[in-house]
Each structure stands twice: as C-alpha cells, then as structure tokens.
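The values are calculated or read from the model by the stated rules, or taken from the named source; none is laboratory data. Just so it is clear, the structure is predicted and the values come from calculations on it, not from any experiment. Cβ placement follows ideal geometry from the backbone for every residue including glycine, while neighbour counts extend to all protein chains displayed. Accessible surface is based on the protein model in full, side chains and every heavy atom, while ligands, DNA and RNA are left aside. Shrake-Rupley method; radii C 1.70, N 1.55, O 1.52, S 1.80 Å.
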Amino acid sequence: MIETLEPFRVELTGYCYRMLGSGFEAEDAVQETLVRAWKAFDSYDSARASLRTWLYRIATNICIDMQRSPQRRALAVDLGPSGGELGAPLLENVFVQPVPDASVLPEDQAIRRETVRLAFVAALQHLPPRQRAVLVLRDVLAWQASEVAALLSDSVASVNSALQRARATLRVADVGAPLDVSDPVQKSLLSRYCEAFDRHDVRTLVALLHEDATMSMPPFSWWLRGRESISLALSDPGASCAGAWLVPVRANASPAFWQMRRGLEKPFGLVFLDVRDGLVTGNTTYLNVEELLPLFGSPPATPISSGLPSRTSVDD
C-alpha cells in the first residue's frame, strides 16, 4: 500500500506548499493525505477517478480546512511600511516560508519551477482557497477544466470563472519574471554579488541593486526599500556581515544561500535573492534557522583556505 502511494509524495508536497505557503505545513498536509488514503483505500473506486485525482481531492480538502484562519501568510513587504525599528519577531505562521526544491519539484514532471518562488507563493495567498486550488491545478499542473471541476465537485463554468478571477489578482500582484538560470548575464551577476558579499564590499553590493530593491529579515516585519536605505543598513557597524560568506542551497527554484559566519556552528540565516533585468531587486534573509535546518539539512562543511572560508560556486 505505502509503495503505491509514496511516489505521489513530492508532487503533492509541491501542491500543498503552493496552497499553504509553508514547507512545514505542506509536509503535514501530505502526511495526513497519505494516512487518510491508506485508511480509505478499500473504498477507492478506480472507475470513478484515477488514484492521482483521488489523492489530490483529499489533499485539497485538507489544505482548505487548514486555511480556516483569517491570517494569510505573507512577505514582510506586505505587512506594513518600510523603515522604522526592528521590533519584536513575529510568529512563524505570519510569513511565507521557504522549501527545498527536492521536496516540491518532481524530477519526472515538467512543472513550472518559478511557481515555487517566494513572490509567487506569497501572491497565491491573496486568493481564496478554492481559487488558489483552481489556479494551481490549471496553470501550474496543467489539469483540464473538467478534471478540476470533478475534483472540486463543481461545474466547468464555475472553474473557468474562478480561474479568470485568480489570474486577474495575480496580474495585479506583478510577481515579475523568473530568473533564467542558463543566462550567463544573470549567473555573472550572482557570482559578483556573492564575491562582493564575501569581501564585505558594500559599495559593489549596492551597485548591483535595483534602485527600488528591498531587504527584509523574517521573522521581523521590518524591511527596507531603495539603495540608500539598504546601503546604510549594510554599513552599520552594529550589524556588520564582515567575515560572513554564502553557501548555495537549492530552495524555491531561486538563488538561495546559507549565510555562514565565523564562530557560529550553524548558519546565520537563509538568504534569497530576487533578480530582474540584470540587477538584484530583493534580498530576504530568514533568521529562523533552528526551524529551517530540519527541513533543509545542515549546509556542507566549508573548507578553510588562507584563513578565509571558500565558497561553493553559484553555478552548482
């Protein structure tokens, strides 16, 4: 029985992650889906629905039940104006949380990788749960309208209407174009950014930013916009990243890195970069490392050379 259901785990986790905005909650939802399916397998009728459709129906109901709370997960830029004091950390369930690529992107399926980017997942959270399910099933997983209608016990006309409303909401959100990892210009930009970060070369880092770039550090709601504000923050002696370095990690189909610091046994944070038009448009550093490590695993040991840590290539 487990052998029959287990091959669906990764694609179900990707679906639940887009629905819930949290790798932790997605894993819980998928585990509950598989448990319910195992318990009800004797009543499963393959003539009425494929096993995949049946599992997605269970997962959808679980995700919708988990979203009864009015609180939707968001990014710091959605929570209030930029600037101000750092303030107190907020609860984990306030923010869209990152997820490892391997947990949500099946290798044997041509699923749009950009649909697990933080900005896209945060935009999905603006949609009512059923619209969210319709959009993910139709536009991400390429299901037919009739298949989605059967899964949701709804009409094709209703599904098409929900899809149009969901698409309109996402257009307003303007999540931007995804990074083309094969583009040598983009790869060069990331290499220069990482090298400047390793050197703590604030001037070069700021020069690689878009003029309206943002910087945030969940679990704090504090965030900044603009080169000048970010430059001041990076230059602050009390918050210096001097001596830190970046180790690439595969997360959210995005440029992502563990930020390592000398003297710390664990990473300082998990950094995500947004890139558009050859510039860095956003830097999000998750500081809830204790919660993220069980999901991602510890970063690889970093060799020491000439007293300084060497960084894994961003091309990996």
Heavy-atom accessible area of S103, protein chains in place, probe 1.4 angstrom, given in Å² to nearest 10, is 30
In what order, largest first, do E211, E107 sit by accessible area if the probe radius is 1.4 Å? E107, E211
Quick check: convex hull over the Cα atoms of the chain, volume per residue in Å³, rounded to an integer? 146
Evaluate the stretch 29-74: find the radius of gyration of its Cα atoms, find its Kirkwood radius, and give the ratio Rg to Rh. 1.08
Please compute the contact order of the stretch 184-296 in relative form: average sequence separation of alpha-carbon pairs under 8 Å and at least six residues apart, divided by the residue count, as a percent. 26
Using Cα pairs closer than 8 Å and at least 6 residues apart in sequence, work out the relative contact order for the stretch 1-172, in percent. 27
Whole-number accessible area per residue in Å² for the chain, which is evaluated in the context of all protein chains at 1.4 Å: 49
Cut-off under 5 Å, modelled amide H: who pairs with L105 long-range: none
Expressed as an acute angle from 0 to 90° and rounded to the nearest 10, what is the orientation of the C-alpha long axis of helix 184-199 relative to the principal long axis of the chain? 50
Compute the angle between helix 9-20 and the longest alpha-carbon principal axis of the chain, please, reported from 0 to 90 degrees and rounded to the nearest 10. 80
Given chymotrypsin sites (Phe, Trp or Tyr not before Pro), DSSP loops and at most 15 other Cβ atoms within 10 Å, the longest exposed-site-free stretch of the chain is 45-267
Taking placed amide H atoms and a strict 5 Å upper bound, the residues 5 or more places from V99 or on another chain that come that close are N252
The stretch 184-296 - convex hull of the alpha-carbon atoms, volume per residue in Å³: 103
Tell me, in nm to one decimal, what length is gained between D65 and R199 on full extension, where the rule is 0.36 nm per residue of separation less the Cα-Cα distance? 43.5 nm
